[in-house]
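Have a look at the structure below before the remarks.
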Amino acid sequence: MRDYNECQAYINHLLAEHRRLHTLLRLASAAINQSGDPHRDASPVDMAKILRHAREELQHHFAEEEGGGCLNEAVSRCPSLSPEAKRIEAEHPGLLYEIDRLITLAEGGAQTVESQVAV
């Protein structure tokens, strides 16, 4: 078995990346939740922009994980993690689908707002 110190760089990268993504998604969620507040001026266009940015970041992260990133490294060091790594990778398309759905809803709201302004 390899030394824990040898794995430290992978662990630190994984933790930092997940903290960064968690922060990004938390900020997106807060912006969306606050968009209904009468004292906020976030529009559906703003929401779609925030969600598209989050999706791009997630897609990049998933591609890194699936393309020989930390998951493969973890499995190579500890083969018993293989089923869990496969489960995690199998969640990626569904997560991207859900964020795409939210983007579509936000864009639909933008079209509704635009049509009301044009009247």
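We did not get these values from a lab; they are worked out from the coordinates using the rules stated. Since we're looking at a predicted model, the values are computed, not measured. Because the Cβ atoms are built from the backbone with ideal geometry, glycine has one as well, and the counts that use them run over all protein chains shown.
Per-structure values
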| quantity | calculated |
| --- | --- |
| Vicinal HN-Hα couplings computed from phi for segment 96-107 (Karplus, 6.51 cos²θ - 1.76 cosθ + 1.60; Hz; Gly/Pro x) | 5, 4, 5, 5, 4, 5, 5, 4, 4, 5, 5, 5 |
| Local electrostatic count, R19, Cβ distance below 15 Å [Lys/Arg +1, Asp/Glu -1] | 0 |
